[in-house]
Amino acid sequence: MKKIIELEKKLNLEFNDRNILIKAMTHSSYSNEHNLESNERLEFLGDAVIGFLMGEYLFNQGLKTEGKMTKRRAELVCEEALTLYAKKLNLKSYLILGKGSIQLGDRNNPSIIADAFEALFGAIYLDQGFHKTKEMFYNLVIPYVKNVRIKDFKSTLQEFVQTDRKNVSYHLEEEKGPSHDKTFKVSVRMDNIILGVGIAKTKKEAEQKAAEIALSILAKE
């Protein structure tokens, strides 16, 4: 509880229901050990809230095409970007993890940190309402968006092949490991031919790795 109060002070927020903030920081590894609800539902909500607020922000920035806004939003709400925002809060130190997860070093796991950041925004939205959530978004996210420049291999691959009117698709080939430490294997195919396979801790990251491999192959050709 002491750490949660510390996080409240860092956010400069006083939650009406502090339990919702506790839930936002509770990883499934801990909830499974103690028969509690994890932050996964809040993560789902927070993902939508952050996506909307980022879309509104980019719209107001005057980007001229839907494609440019979509591409930039994808960069600014991806796992790497969310981890960057969370780092400014030192959010990893407030994660509530199970014993096994702690032993695995999951306090430094980018996927878990990014998920918790989304869950945090889900909690703020439910407890504080939209206007306060938007204020927090502009305090915790917008100051750092200029620092986010992520190579989007998926978009680059799509641009690379679109002149040939090729179809690119991503397929989950394998998913293994416990819920708190999953590994995903994803293939990228062009007209049903596998061009690359990526393995990572999240599906999004695996897709990016597969696209990167595919680009290297196409470039050689």
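The values are calculated or read from the model by the stated rules, or taken from the named source; none is laboratory data. Since the model is a prediction, treat every value here as computed from it, not as a measurement. When we count neighbours, we look across all protein chains shown, and the Cβ atoms used for this are built from the backbone with ideal geometry, even at glycine. The protein model used for the area step is the full one, side chains on, heavy atoms only, and it has no ligands, DNA or RNA in it. Shrake-Rupley method; radii C 1.70, N 1.55, O 1.52, S 1.80 Å.
Side notes on the structure shown:
- Positions within the stretch 125-146 being open to solvent by less than 30 Å² (accessible area, probe 1.4 Å) and acidic (D, E), in sequence order: D127
- Subset of the stretch 23-41 (residues that are within 17 Å of M1 (Cβ to Cβ) and basic (K, R)): K23
- Hits in the stretch 76-96 (condition: more than 11 Å from the chain's Cα centre (by Cα) and in a helix (DSSP H, G or I)): K87, K88, L89, L91, K92, S93, Y94
- Residue under evaluation I199, criteria (1) open to solvent by 50 Å² or more (accessible area, probe 1.4 Å); (2) in a helix (DSSP H, G or I); (3) in contact with a helix residue (DSSP H, G or I) (Cβ under 9 Å, 6 or more places away or on another chain), criterion not met: (2)
- Residue identified as touching a strand residue (DSSP E or B) at 6+ places or on another chain (Cβ under 7 Å) and modelled with pLDDT under 85 among Q162, Q158: Q158
- When we screen G62, G100 for residues that are in a helix (DSSP H, G or I), among the small types (G, A, S) and open to solvent by less than 70 Å² (accessible area, probe 1.4 Å), the only hit is G100.
- For the stretch 112-124, the set of residues classified as farther than 15 Å from F137 by Cα, open to solvent by less than 20 Å² (accessible area, probe 1.4 Å) and in contact with an Asp or Glu (Cβ under 7 Å, 6 or more places away or on another chain) consists of I112 only.
- Looking only at the stretch 6-40, and only at residues there that are farther than 28 Å from D181 by Cα and of a type outside the set (D, E, K, R), the one that is farthest from the chain's Cα centre (by Cα): N16
- Set side by side, the residues A81, A74, A48 differ, and just one is of a type outside the set (D, E, K, R), open to solvent by 40 Å² or more (accessible area, probe 1.4 Å) and in contact (Cβ under 8 Å) with a residue 24 or more places away in the chain, which is A74.
- Test result for K132, assigned to a helix (DSSP H, G or I) and of a type outside the set (V, I, T): yes
For (1) surrounded by 15 or more Cβ atoms within 10 Å (Cβ to Cβ); (2) under 21 Å from K134 (Cα atoms); (3) not β-branched (V, I, T), each residue gets a yes or a no:
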residue: E6; (1), (2), (3): no, no, yes
residue: N16; (1), (2), (3): no, yes, yes
residue: M25; (1), (2), (3): yes, yes, yes
residue: L36; (1), (2), (3): no, no, yes
residue: G55; (1), (2), (3): yes, yes, yes
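- Annotation: of all residues in the stretch 165-192 being among the aliphatic types (A, V, I, L, M) and at pLDDT below 90, the one that is nearest to D115 (Cα to Cα) is V168.
- Failed criterion for T26 (all others in (1) closer than 11 Å to L97 by Cβ; (2) in contact with a helix residue (DSSP H, G or I) (Cβ under 8 Å, 6 or more places away or on another chain) hold): (2)
- Odd one out for V186 among (1) in a helix (DSSP H, G or I); (2) β-branched (V, I, T); (3) farther than 28 Å from L36 by Cβ: (1)
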